[in-house]
Structure formats: C-alpha cells, structure tokens
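We did not get these values from a lab; they are worked out from the coordinates using the rules stated. Since we're looking at a predicted model, the values are computed, not measured. Backbone-built Cβ (ideal geometry, glycine too); neighbour counts: all protein chains shown.
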Amino acid sequence: MARQPKATVHRWLVASTALVIAGLPLTPNDAFASECLLDTNGNGRADALIDSTELSDGTGGQDLACGPNASASGNVFTGDGANAIGNNATAEGSGALAIGNDVSAIGEGAIAIGGDGDGIATGGAITQASANGASAVGVGARAIAANSTVMGFGSSAAHANSVAIGAGSQTSAENTVAIGSLGNERRITNLANGIAASDAATVGQLTDAIASVGAITVDQTARDAASAAQARADSNTSAISSLGAAIVANSADIGANASGIAANMEDINNNTSAIAVNASASSTNAAAIASNSSAIETLQGSSASTAAKLAYFATGASAGSASASGANSIAIGSAGTDADNAIAIGFDAFAGNVNSAAVGADANAEGDCAAAFGNLANASAADSTAIGASAIASAINATALGAGSQALGADTLALGAVSSSNLGGTAIGFSTDAATGTRGTAIGYDAASSGDRTVAIGDRAGATGADAVAIGSQASAANQALALGQTAVSASGGVSIGYRTDAGSRGTAVGFDASAAGSNSVAIGETTRATATNSTAVGADAIAANTGATAIGANATTTANNQVMLGGVGSSVAIGDIAASTAAQEGPVDVVTIDANGTLGRQQGASAASVANVRIAMDHIAAVSDAQFSALSNRVGTLEAGLADLNFQLDNLDRDYRRGVAAAMAQADAPFPSVPGKTSYIGKGSTFRGEYAFSLGLAHRFKSDTPFMLTASISHGGGKNTGATVGLAGEF
C-alpha cells in the first residue's frame, strides 16, 4: 500500500478522534470534537489562538490536542506527531501519545493510556510513560525506563527493555518480564509445552524428564574411553550446546563447553557433560550420567568408580575433592564415600559404611545406616543419628538432635543444644545432662540426671543418686528419694512434696514450705517443722523439735522428748460425746489429772462399792448425835457431788476411748495402683461398743523405673476423734 500524505492521515485522525469523543458520555469536563486543535502552523504546539480544528494539506499540523483548556494552560504537547487527548494530558516527544485525564507521555514514541478520573479508577493515580519508547497502560501505571512496557493498575517498570504485566507488577532487572511483585507472585497457566531451545518448559515436561532419567552409574572403563572422545553424537542423538543452543533431530557435532544427551552411544570432548541411556564417556572437567555402563566426573579431581551397571555419583569443586566408590553411592562437594548406598554431601563430608549419610561440612557418618546432618555432625555407630552443628551420636541406636547435643550411650536420646545422654538415657532441653548414669532421664533447661535410673524434669532439676526422682523447677533428689515441686529438696530415701519443701534422710515433708529435717521425721502442713529424729508435726506451723515428739494441730509446739502436744496457745481439747465414752468404760476407773504445764496424769478414785464397805464398817457408831449426823451428811453430799463430777469425766473419757478404737479400726490403706501414674482409693467403716467411725485412703503410684507410691488416709470416729496417716511404699 502506498504511503498516504501527512495531511490526509491527520485529516483522518482528527475526524475519527472527533467521532470517538463525540460518542462519549458527557460530564462537566468531557472533551468535544470541536475542542480538538491541530497544530496547523507547524510550530510544535496546538494553540487555540493560532491553530484551528480545520485540516490542512500542508506539511504542518502534525500535532493534535483534544480536551478542555486546549490553549496555553490546557493540553501540552511538543514534538512532531505528538498527540494528547484528555484533560491536562501531556505528550512531549516525537510520536508521543497521551490519552486520559492527567496522563503524561514524555519521550520519543512514548505511550501513556489511563487517567485518574472517577470514570476509570479511584485513588487519583497518574499514568506515566517518561522515557523513549516507554508504554504505560492502566491507572497509575508507570513506565520510566527506555523501551519499558507496563500494563495494569499500579504496575511499574523501572528497568530498560523490561515488561510488567498485571495490577501491581514490578520489574526487578533489565530485559525481564514481571507478572507480579515480591510477595505477590502469579502463576502462568494454560502454557503450551516448549519446543525451541529458548522456549519455557512446563511442569509436565520437567516431570517427564526427571522420570526418564535412570540410575546414575560410573565405571573406570567408560572414563578411560572418554580421553579419546571425538565431540560428536551418533544417529538418534540430540545435542544442546551451551553456546549455540542447537538441537538436531538425528545427528549433531558438539564442541567444547557443550552438553549432550544420547540414546545409544556418545563421545564428548573436553569440558563437556553427558547423559546417556546405554553408555557415555567424559573427559577432563566433564560430567557423565548413564543408566548402564558409564562414567561421571564433574570438575577435575572428582572420582566415581567401581564395576559397571552399578549406580554412583561424584561431583566436586576442586582436584581430588569428591569420591564415590561404593555401589549406589553419591558424593557431592569436597566429600567422600566408599560404602554401598552411602551419601556424602559437603566439604570433607564422609559416609563410611553401608546405607550411611553425611550431609554438611566435615559431617561424618561411619556406622552402618548412620546419619549425620550439619557442620561437624558425627554419627559413629550403627543406626546412630546426629542432627545439628557438632552433634554427636557415638553408640548404637543413639540419637542426638540439636547443636552440640551428645548421645553417648546405646539407645539414648539427646534433644536440644548441648544436651548429653548415656546408656539408655534421655536428655531433652538446652544444656540437659543424663550422662553419668544408665537409663536416666533429664528433661528441661540445664536439668541433670546423674545416677542410674534417675529422673530429673524441670528447669535446673537435679536427680543425683540412684533411683532418685526430681520433678519441678530446681527440684533436687538424692538416692531413692522423691522431690516434687519447685525448689523441693529430698535427702536419701526422703519424700518432699510441695513448694520449697525439705525432707531429711528418710523424712517426709508435705505442704507449702514444710520441713522434715530430722531423720525419719514427718512434717505435714503449711510451714510445719519436724527437726528432730523420729519427730512428727501435723498442722499449720506445728513444730516438733524434740526427739520422738509429736505436735498435732495448728501452732502446736513440743517442749520435751517423746511428748505428744495437742494444739497450740489458745486452743482447747474436747471430747465429742463424753457420756457415750463413760458408758463404754468397764472395771475400776481412775481420775484424770493435769499439772500446771498441761501434762496429763491419773489417780485412783472412789467407787460405789468402796463407799458401801465404809458404811458397813461404821454401823457400830450408828448412835451418833444429830449434829454429828448432819455434819456427816453434808460431807457425804459434798462427796457425792464430787463423785458425780468424776463420773461425768469418766463417761467422757469412756466415750472418747470407744470412738478412738472405732476410728483405729476403720483406718484403711489404699492398695498399690496397678500401673504408674494411677491413683487407687479405699473407704472403710467400723463400729465399736456403740460408736461408729469411717475412713478414706488414697495411694498414687509414680512413674519411675523403681515402683513406689505415696499413701494418705484419714479416719473420723465422731467429735474431735479424727486421725490421719501418710506413708510411702515401694519395692526394689
């Protein structure tokens, strides 16, 4: 087609533009066809005072402006063939085109289409193409580099020859295509499979390619043959050159720095790599991968050898670095493996036994089926696993997880930084240690289990003797002792349960801040103290500081050895049913006495029989005066009153006695729970001489290698006749 004169082209452009604009819905800022100005005087600017909308056959009139403010303050366009259409649109540069409100096209051949009006998008984003050959389409689109192209709301291209497609897409380098931005990536869907060398490959093509790669093998014969390779591929081969990217259907020659894929047989020159189905060979600085008999070397010094038709892989970065000499073995980097099915990846990594794997710089897996992952990780025994920097698993079935963790005994687990574990032990947590005893368990920050079959659970918990159990932050237990609670401390054979409890040798402390510091002592209750040998303190703030003494009740305090102190200052002792107790008495009775210190005693009292005997003995003096008789009567009355009072006290004592016996009969101990962690219970009732009592007992079996349980029971016979027991049972 012959080129049309410029005047004809511009006449068509003005007419068609006027028609388009005339057909648009009108708003207060709409442009009219009559408002389009053509630069008829050829001065590079469309001016309403000089130029007009009339067409011209001359050489001028190459610029067009349509829209309000078309004169000096309106559309601005400079350069031959510049076109600005829209309110305040700007087109500067030869062939520049700006369409839309406040759109800017600055540069030769620049194109900006969009705008910031409500008719297109909200937000006031300005479309801008500000470089030669730049194109921006969409509200807020910005093409600010030479020959850049953007399409989409808010997209931008700030690199030469780059393309951004889609809302918000941003380029990151020259000569690239972006279909998203960092953190807002997009997939390309409905993409055809690539055909040419420079085409993109689909996921399906990659999957098929991976599936088609057979075993990777190496043999010495193939490597020797590589030294005489001829840089050619026989029929039915294809070659891909790293320089020319050539693909030939039947045969091709491959020069230096090329890679080839052959179906049957292929020889490749220096600096080449090959993948073949049947056989291939490679020379210096080359790599070969094959399914039958082949050689593979990646960079000079790598070694992959053994009998044909076995799979090996070695790739290194320097001379003498990677070495894979076992069947089905792999060595990558400055690594080595000489065992079947072994894998060594990383600088100086070594996998020395069957099915072993060493991954990481200086990683070492020397045991059968051993695995070492991480810098300096070492798994040196069969079935051992070391994961983490400097992790060590040095015994059979040992597992060390975490930087610096150590599993030093068979069947041990060390989990956490700087943890360690001995035979059959478990260490979990930072700086935990179960290394000095067998089958110990340490769980928690800096927890230590240092005896056989010991358990330490909690922040800095310590179990320091055989069969010791310490559970709780900073809890501490010695041989065969139990410490349960924060900062609980238990000496050999002791039991301490509760916050800040303290139990001496074979002592028992239960309750907040309870202390049984004396040997074989018992302290039960908040802040109780049993500090002497064989002492017992039961009740809040009770104190038994004398050998063999017992303090029962709140604030009760013993004052002598082998003493039983009931209650403290201000307390009283009462019998629930004195009448019933008195009725239960049999035989001669005595009178209860008490001294100024509160110590109880007894004396023999008068009985009805003894009074009768006195009366018979006095018959011979029956003839007495009235005065004498009256006086005697008064004395007898006084005596009777005293006896009645005594009988009352004896009745109360008898009732308490019967109730106490009933409570003792009802006392029950729960059976040993069937499995660790279970709690058993028992309830009993009894009756004795008309009095009734009941009891409830509990037993909890703790989870440990040595079975033991803690028991507690309470019995009540009426009134204040209440008794309680605690105990510890086990076996070894």
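Could you sort the peptides 693-700, 83-90 by per-residue average Cβ neighbour count (10 Å cutoff), highest mean leading? Don't jump to the answer; show the numbers that get you there.
Numbers: 693-700: 20.1, 83-90: 24.2.
Packing proxy ranking, top to bottom: 83-90, 693-700.
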Cβ-derived FRET efficiency at R0 30 Å, Ile396 paired with Glu731, nearest 0.05:
0.45
Charge tally in the Cβ shell below 10 Å around Ser130, where Lys, Arg are +1 and Asp, Glu are -1, Ser130 excluded
0
Within the stretch 643-687, find all residues whose amide N lies under 17 Å from a label point positioned 7 Å from the Cα of Ile594 along Cα-to-beta-carbon.
645-657
Paramagnetic label zone (point 7 Å from Cα along Cα-to-C-beta, Tyr445; backbone N under 12 Å) in the stretch 465-488:
473-474
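Using the beta-carbon distance between Asn555 and Gln486 and R0 = 35 Å, what value does 1/(1 + (r/R0)^6) give for FRET efficiency, to the nearest 0.05? Walk me through the numbers on the way to the answer.
On the way: r = 26 Å, r/R0 = 0.74.
Efficiency, from the Cβ-Cβ distance: 0.85.
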If you put +1 on each Lys and Arg Cβ and -1 on each Asp and Glu Cβ, how big is the dipole of the stretch 666-730 around its Cα centre, in Debye rounded to 20?
80
On each of the three principal axes the extent of the alpha-carbon atoms of the stretch 381-480, given in whole Å and largest first, is 34, 20, 12
Among 96-105, 459-468, what's the highest-first ranking by average C-beta atoms within 10 angstrom per residue?
96-105, 459-468
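Could you give the length gained on full extension between Val564 and Leu182, defined as 0.36 nm per residue of separation minus the Cα-Cα distance, in nm? List each step's numbers first, then the result.
Values: separation 382, 0.36 × 382 = 137.52 nm, distance 8.12 nm.
129.4 nm is the gain from fully extending Val564 to Leu182.
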Sequence order, the stretch 684-697: Karplus ³J(HN,Hα) from phi using 6.51 cos²θ - 1.76 cosθ + 1.60, θ = phi - 60°, Hz rounded, Gly and Pro as x, gives 9, x, 8, 9, 8, 6, x, 9, 10, 8, 9, 8, 9, x
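So for Met565, Met151, fewest C-beta neighbours within 10 Å to most, what's the order? Let's see the in-between values first.
On the way: Met565 22, Met151 19.
Least crowded to most crowded, the residues run Met151, Met565.
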Sort 547-557, 482-492 by packing, meaning the average of other beta carbons within 10 Å per residue, with the highest value first.
482-492, 547-557
If Lys and Arg each add +1 and Asp and Glu each add -1, what is the summed charge of the other residues whose beta carbon sits under 12 Å from the beta carbon of Asn647?
-4
Going from the fewest other Cβ atoms within 10 Å to the most, one would list Thr593, Thr527, Thr558 as Thr593, Thr527, Thr558
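Using R₀ = 30 Å, calculate the FRET efficiency as 1/(1 + (r/R₀)^6) where r is the Cβ-Cβ separation of Glu174 and Gln205; round to 0.05.
0.60
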Whether the stretch 502-572 is rounded, prolate or oblate, judged on the alpha carbon gyration tensor where a/c under 1.5 counts as rounded:
oblate
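According to the square roots a ≥ b ≥ c of the eigenvalues of the Cα gyration tensor, what is the shape class of the stretch 458-509, taking rounded for a/c under 1.5, prolate for a/b larger than b/c otherwise, and oblate for the remainder?
Numbers: a/c = 2.33, a/b = 1.18, b/c = 1.98.
Oblate, because a/c is 1.5 or more while a/b does not exceed b/c.
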How large is the charge dipole for the stretch 501-598, taken about the Cα centre, if only the Cβ atoms of Lys, Arg (+1) and Asp, Glu (-1) carry charge, to the nearest 20 debye?
280
